[in-house]
Amino acid sequence: MTGFSRREFLKMAAAGAASTAFAGCAAVPEAKKTIGRVVVIGGGFGGATAAKYLRIWSQGTIEVLLVERNTDFVSCPMSNLVLGGSRDMTDITRSYAKLRDYGVQVIRDEVTGVDAGNKRVKLSRNQDLPYDRLVLSPGIDFMHDAIEGYNAQAQKTILHSWKAGPETAALRKQLEEMKDGGVYVLSIPLAPYRCPPGPYERACLVASYFKRAKPRSKVLILDANPDVTSKGPLFKAAWKDLYAGMIEYRGNAAVKTVDAKAGTVATDFDTFRGDVLNVIPPQRAGDIAKGAGLITANNRWCGVDWLSMESVAVTGVHVLGDATLSAPLMPKSGQMANQHAKLAAAAIIELMNGRQASSTPLISNTCYSYVSDKEAVHVASVHTYDPKDKTLKTVPGAGGLSPARNEAEAFYAWGWAQNVWADMLG
Amino acid sequence: MRIPLVLAVMLALPLTAVAQGADPNLSRNLAATCSGCHNITGNALAGMPPLTGQPKEALLRTLKDYKEGKRPATVMHQLAKGYTDGQLELIAAYFAAQK
């Protein structure tokens, strides 16, 4: 038996009264009466979780519409396993269908704009959606312009694959088609970017594929950062122990130019030829956030009030996930977006009922990275609100890293994915 | 005399829950931080053990053992240190109350 299962929710919604599934909620509405509408833009780790938890925690009293442009959810976390060949696209793809059982109205459409003054979301195919509060979980978009030659034409062959989906499958195909003895070049932008350890995990899993299938091939990492930005000693140990002579790492090596025809990338000092070029550009909050006037920091990220995730620029709009100007030591991770979503859902319900958001939020992060098909490592942290600095800060003495790579955490990493996908999607 | 529902709920909860004061949903919100890894809105899936419906004392003992380093773990000993004993108690009570 479980907490608030779908069945329980349906039963409760039908009866119009709270079941034991909502123990702890003292106030029980006599009947389901809608107190307002929340539109959620973006069905990723942040948006889908927010939509579901708004429905559950408001006991169905808030109408929730989720706008997502893709048919299915494709997970960035675990997508490096597809590149390594141990999983396929179906393993990292999930349906939005179960969200409907919680009363979330899932609308497949493209948002063309947000009119925050009139509280309306404009859509490409459907009519405008009026809202009382808006949740925006737009993810990231890429600053291709920061790299010379990375134009629309070049983007057809030089992939970033930093949003899971067609580019994941396409990069896998490039790796499969590469000759043995070829060079795979991975370019990493300066932090902050989505998923700090992700590129290093990718290097490991591509190398693990090469080791198996194309043992004379090489992985060249060109990192704009001075050193590995996350789990450094753990990744370096894996490169040395598991992939000796196969992975070359260069720090302070920002790619400034790409030449798709010649198959080269260049830093300020050197030019490198590769058979597969995987260039991850610098990133900023997704285009929708930009259009809605939510970007407040460095022309890139959305500042939020960490008690509610409400934008510091636009009232009534809550921003989640990678698009936010991260709190200190807070990674841009799927797990973090999932936690942002619950913080926001709780706050929105209070605000829409004329009460205040909790003044003591707490969220936590566990982020797994595979270093091979069989072994993984983690970094974990717990974040609480500091009223003086008005931000979330890591709890001293809590959190930390794996002492060494191990097989148990490869099992837990896959378990995490199954559980968090279920937490957000049903 | 009929006891009002709100009071009845408060009486049924441990002192720590009443002491949460400003945030009546504190235990729910704290428990939700577990649910990324331990699915709590459906069946717990591969890997992580289920939390809903666990007896409060057993769950609290496990969490405190993690926090105090008495129970081996891959990650839970690091996460448990981020919560006060009072917060761990709220979490254990919350999951115990779920059916």
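The values are calculated or read from the model by the stated rules, or taken from the named source; none is laboratory data. No experiment lies behind these values; they were computed from the predicted model shown. Here the Cβ positions follow ideal geometry from the backbone for every residue, glycine too, while neighbour counts run over all protein chains shown.
Among the residues of segment B:84-99, the one identified as more than 7 Å from every other protein chain (Cβ to nearest Cβ) and assigned to a loop (DSSP other than H, G, I, E, B) is B:84.
Residue by residue, here is whether (1) hydroxyl-bearing (Ser, Thr, Tyr); (2) assigned to a loop (DSSP other than H, G, I, E, B); (3) not assigned by TED's automatic domain parsing to the domain that holds residue A:198 holds:
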position	(1), (2), (3)
A:100	no, no, yes
A:107	no, no, yes
A:114	no, no, yes
A:118	no, yes, yes
A:122	no, no, yes
A:127	no, yes, yes
A:155	no, no, no
A:164	no, yes, no
A:167	no, no, no
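Of the strands (runs of 3 or more DSSP E) lying entirely inside segment A:197-293, those containing at least 1 residues that are buried (at least 21 other Cβ atoms within 10 Å of the Cβ) span A:218-223, A:247-250, A:257-259, A:264-266, A:276-279, A:283-285. Of all residue pairs spaced 6 or more apart or on separate chains, those with beta-carbon atoms under 8 Å, a first member in segment A:252-272 that is closer than 19 Å to residue A:151 by Cα and a second member that is of a type in the set (Phe, Trp, Tyr) are A:258/A:150; A:264/A:272; A:265/A:272; A:266/A:272.
Taking the criterion of being facing chain B (nearest Cβ under 9 Å) and small (Gly, Ala, Ser), the residues of segment A:407-416 that qualify are A:408, A:413, A:415. Tally up the residues in segment A:28-57 that are outside any helix (DSSP H, G or I) and buried (at least 24 other Cβ atoms within 10 Å of the Cβ), please. The number of residues fulfilling the criteria is 7.
Restricting attention to segment B:51-63 and to residues that are buried (at least 17 other Cβ atoms within 10 Å of the Cβ) and not β-branched (Val, Ile, Thr), the residue that is farthest from the other protein chains (Cβ to nearest Cβ) turns out to be B:60.
To keep it simple, each residue is scored yes or no on (1) facing chain B (nearest Cβ under 9 Å); (2) of a type in the set (Lys, Arg); (3) under 30 Å from residue A:244 (Cα atoms); (4) touching a residue at least 12 places away in the same chain (Cβ under 8 Å).
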| position | (1), (2), (3), (4) |
| --- | --- |
| A:371 | no, no, yes, yes |
| A:386 | no, no, no, no |
| A:395 | yes, no, no, yes |
| A:405 | no, yes, yes, yes |
| A:426 | yes, no, no, yes |
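Considering every residue within segment A:335-352, establish whether at least one is among the acidic types (Asp, Glu) and over 20 Å from residue A:86 (Cα atoms).
Keep residues of segment A:335-352 that are among the acidic types (Asp, Glu), which gives A:350.
With over 20 Å from residue A:86 (Cα atoms) added as a condition, the list becomes A:350.
Yes, there is a match, as at least one residue in segment A:335-352 is among the acidic types (Asp, Glu) and over 20 Å from residue A:86 (Cα atoms).
The condition of being under 22 Å from residue A:378 (Cβ atoms), touching a Leu at 6+ places or on another chain (Cβ under 7 Å) and either surrounded by 23 or more Cβ atoms within 10 Å (Cβ to Cβ) or of a type in the set (A, V, I, L, M) (or both) does not hold for residue A:171.
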